[in-house]
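The values are calculated or read from the model by the stated rules, or taken from the named source; none is laboratory data. Not measured: the values here are computed from a predicted model. Cβ: placed from backbone, ideal geometry, glycine included. Neighbour counts: every protein chain shown.
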Amino acid sequence: MRLVYIEWVDASSTRGPLSRKEGEEYEPLLVSTGGIMVNEDGEVVRVAQDYWARPDADGTVPETFRDISVIPKVLVKRMEVIEIESSARADEHVWSASEIGPTLSYPARHRKL
């Protein structure tokens, strides 16, 4: 698994009126994004907030990602990647919301320590 930190330029916008001078001085935003790299190609980097692996009914273990940001490489100013070994495995227990408590409205996956 690869973790990634990216600094990139994003468009910005204002709310409400600005004078011409204020508008001419308005700048794009420098954004920092960190997460789990889903993949990258020649055009974009895909970064997810969450990752898990859970077996399907047929026994296959698909990698699942949530909240993926797609960042065009042309906007990237800095990118650092580190390799780590994930401890998320298919043989781990999958807890349901009822096992964890009433505050969760969807099945959550946690590793017992």
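Just to be sure, is Arg54 basic (Lys, Arg) and modelled with pLDDT of 95 or more?
Considered against the rule, which asks whether it is basic (Lys, Arg) and modelled with pLDDT of 95 or more, Arg54 comes out as no.
Answer yes or no as to whether Lys77 is of a type in the set (Lys, Arg), out of contact with any His (no Cβ under 9 Å at 6 or more places or on another chain), at pLDDT 90 or above and in a strand (DSSP E or B).
Yes, satisfied.
Tell me yes or no: at least one residue of segment 27-40 is assigned to a loop (DSSP other than H, G, I, E, B) and modelled with pLDDT under 95.
yes
In segment 2-56, which residues are touching a residue at least 24 places away in the same chain (Cβ under 8 Å), over 20 Å from Val70 (Cα atoms) and hydrophobic (A, V, I, L, M, F, W, C)?
Ala53, the sole residue that qualifies.
In segment 45-61, is there at least one residue being in a strand (DSSP E or B) and either exposed (fewer than 14 other Cβ atoms within 10 Å of the Cβ) or touching a Pro at 6+ places or on another chain (Cβ under 6 Å) (or both)?
Checked against the condition, which is being in a strand (DSSP E or B) and either exposed (fewer than 14 other Cβ atoms within 10 Å of the Cβ) or touching a Pro at 6+ places or on another chain (Cβ under 6 Å) (or both), segment 45-61 yields at least one hit.
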